[in-house]
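Report on the following structure.
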Amino acid sequence: RIAGPSGLVIFGVTGDLARKKLMPAIYDLANRGLLPPGFSLIGFARREWQDQDFAAEVHQAVRDHARTPFREEVWRQLSQGMRFVQGDFGDNAAFEQLKATVEDLDKAQGTGGNFAFYLSVPPKFFPEVVQQLKDHGLSDAPKGSWRRAVIEKPFGHDLESARDLNEIVHEVFAPDEVFRIDHYLGKETVQNILALRFANTLFEPIWNRSYVDHVQITMAEDIGIGGRAGYYDGIGAARDVIQNHLLQLLALTAMEEPASFDAASLVTEKLKVFKAVKVPADLAGYTVRAQYAADWQGGEKVLGYLQEEGIASDSRTDTYAAIKLEIDNRRWAGVPFYLRTGKRLGRRVTEIAIVFQRAPHSPFDSSATAELGENALVIRVQPDEGVTVRFGSKVPGTSMELRDVTMDFAYGESFTESSPEAYERLILDVLLGDANLFPRTEEVEESWRILDPIEEFWDRSGRPAQYPAGTWGPAEADGMLARDGRSWRRP
Ligand code: NAD
């Protein structure tokens, strides 16, 4: 579907996200013919730029980061609708200027009054920018048109702050005008969880407590915090990744079939999962947080978290977090969901592993099955997108010996189309007004409800554990699964 007449305003357009993801995604959408003629892009930032300086920056960002090939005619058309507004978020004159620019573009480019405001700014500025949009009449859609707000993560840092932010935002924008970004939901492989589950008969009958032993959801990064100390310290891995991305993956993995594939039905089912999530009573036994310690990684000596520039030597921020959750409903009672995320782990990988129970009885000698693991279905979210099924098979030869083998689906091999970037899909959906892939108010609040007691427990506890950079996390995390007679996968 192609977006109708519209424009996008990006606040914080000189930032890292805008340059690496948003501007390239807009070009890629234009290149795929998915943006309307006359589509307009307004950049807002403090830099002293003219329109042409802004266009030159977008050009460079597109050259550096776009997914699709550069085409002069696409660029020429896109750049006609580019404008820059200079100012601080507290600057009333700049917002008046923005208003005038929006009105000019309506006339010059035929945007029809339809504008989305993308807040690609540090979270502490979300309330101020939203308030300014209201004060300058930018959030009020002229008759017959729409205005929408796109809000980056993190959405609050606990339940209370998320509620406060929701309140501020909803004073200005109606619920269906607010698009909260969780870019994981824009990923093909994440949307494919629903296709896999609800368009096939192969998996769903065994997708429950009768057959599933447990689920492991992993998002591992091999990099450290880079230059982002200011953002990361005090936030940590659980708030940065578990509250949003991993809990969304959990919801999609665990939810019931939605009545239809629309935003309201999806939210209804995801919310039921969140509400049924039980935080372990034994927080000491079933939550782990840790920090990476200096070590050799990939042939290079890397710093530990506490030695990184801008991090206090007594910081207790988690760079690794693992938690066990259970879902108290008929489908999942008694099936643990183990979630883990971390920086400076062995490899960059995100996956969901459904690990099945062992066969209830084996007619083979125990020596024949000694090397056999559990059956598993692994949804590989990134980077090697696909699905793997692991099961036991007879080793060729005269004796009965069984070993694990895998059956594999790889996107790259099965499809010639390459996957769009998450931000392409999400920006297009904002312009189309399609809210399927955006977490709603209640989802955000529910996920903080789950995380808050864990963070509070960690605040009361001692120092985080340590793990050597380049490994798969602290011994405590292994202990957490060992207590249940299980172990983490090595992705
Ligand atoms: P950034 O700090 O690089 O950029 C923020 C932008 O806001 C910059 O252009 C900065 O100049 C501008 N800004 C700050 N204060 C301002 C003020 N008072 N007036 C006007 N402009 C001001 O941040 P980023 O990395 O681009 O991230 C933007 C948002 O996206 C944040 O909410 C972040 O949490 C989120 N996010 C970023 C990434 C990423 O990969 N960088 C990933 C996921 C989410």
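Here is how the numbers come out for the structure above:
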{"read-out": "Residue that is farthest from the ligand (Cβ to nearest atom) [pool: residues in region 140-164 that are surrounded by 22 or more Cβ atoms within 10 Å (Cβ to Cβ) and not in a strand (DSSP E or B)]", "value": "162"}
{"read-out": "Which listed residue is surrounded by fewer than 20 Cβ atoms within 10 Å (Cβ to Cβ), of a type outside the set (Val, Ile, Thr) and not in a helix (DSSP H, G or I), from 269, 256", "value": "256"}
{"read-out": "Count of region 365-377 residues which are within 30 Å of residue 192 (Cα to Cα) and either in contact with a Lys or Arg (Cβ under 7 Å, 6 or more places away or on another chain) or without any contact (Cβ under 8 Å) to a residue 60 or more places away in the chain (or both)", "value": "5"}
{"read-out": "Exclusive hit being under 26 Å from residue 112 (Cα atoms) and aliphatic (A, V, I, L, M), set 18, 61", "value": "18"}
{"read-out": "Cross-chain or 6+ apart pairs with Cβ under 9 Å, region 164-192 first and over 30 Å from residue 380 (Cβ atoms), then in a strand (DSSP E or B) and more than 16 Å from the ligand (Cβ to nearest atom)", "value": "173/147; 173/148; 176/148; 177/147; 177/148; 178/148"}
{"read-out": "Test: residue 203 is within 16 Å of the ligand (Cβ to nearest atom) and within 25 Å of the chain's Cα centre (by Cα)", "value": "no"}
{"read-out": "In region 85-115, residue surrounded by the fewest Cβ atoms within 10 Å (Cβ to Cβ) [restricted to those that are within 13 Å of the ligand (Cβ to nearest atom) and not in a helix (DSSP H, G or I)]", "value": "90"}
{"read-out": "In region 116-139, residue farthest from the ligand (Cβ to nearest atom) [restricted to those that are polar (S, T, N, Q) and outside any loop (DSSP other than H, G, I, E, B)]", "value": "131"}
{"read-out": "Residue in region 406-428 that is assigned to a strand (DSSP E or B) and among the charged types (D, E, K, R) present", "value": "yes"}
{"read-out": "Residue in region 278-291 that is farther than 30 Å from residue 468 by Cβ and either in the same structural domain as residue 233 (by TED's automatic domain parsing) or over 21 Å from the mean Cα position of the chain (by Cα) (or both) present", "value": "yes"}
{"read-out": "Any hit, region 31-45, residues being in a helix (DSSP H, G or I), more than 13 Å from the ligand (Cβ to nearest atom) and under 29 Å from the mean Cα position of the chain (by Cα)", "value": "yes"}
{"read-out": "Residues of region 167-189 satisfying the condition of being within 13 Å of the ligand (Cβ to nearest atom) and surrounded by fewer than 20 Cβ atoms within 10 Å (Cβ to Cβ)", "value": "183"}
{"read-out": "Filtered residues of region 296-352 (kept if outside any loop (DSSP other than H, G, I, E, B) and among the small types (Gly, Ala, Ser))", "value": "321, 322, 342"}
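Here's the yes/no breakdown for (1) outside the structural domain of residue 192 (by TED's automatic domain parsing); (2) within 24 Å of residue 214 (Cβ to Cβ); (3) acidic (Asp, Glu):
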position: 360; (1), (2), (3): no, yes, no
position: 368; (1), (2), (3): no, no, no
position: 371; (1), (2), (3): no, yes, yes
position: 376; (1), (2), (3): no, yes, no
position: 385; (1), (2), (3): no, yes, yes
position: 397; (1), (2), (3): no, no, no
position: 402; (1), (2), (3): no, yes, no
position: 414; (1), (2), (3): no, no, no
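The values are calculated or read from the model by the stated rules, or taken from the named source; none is laboratory data. Just so it is clear, the model here is predicted, and its values are computed rather than measured. Please note: Cβ atoms are built from the backbone with ideal geometry, for glycine as well, and neighbour counts cover all protein chains shown.
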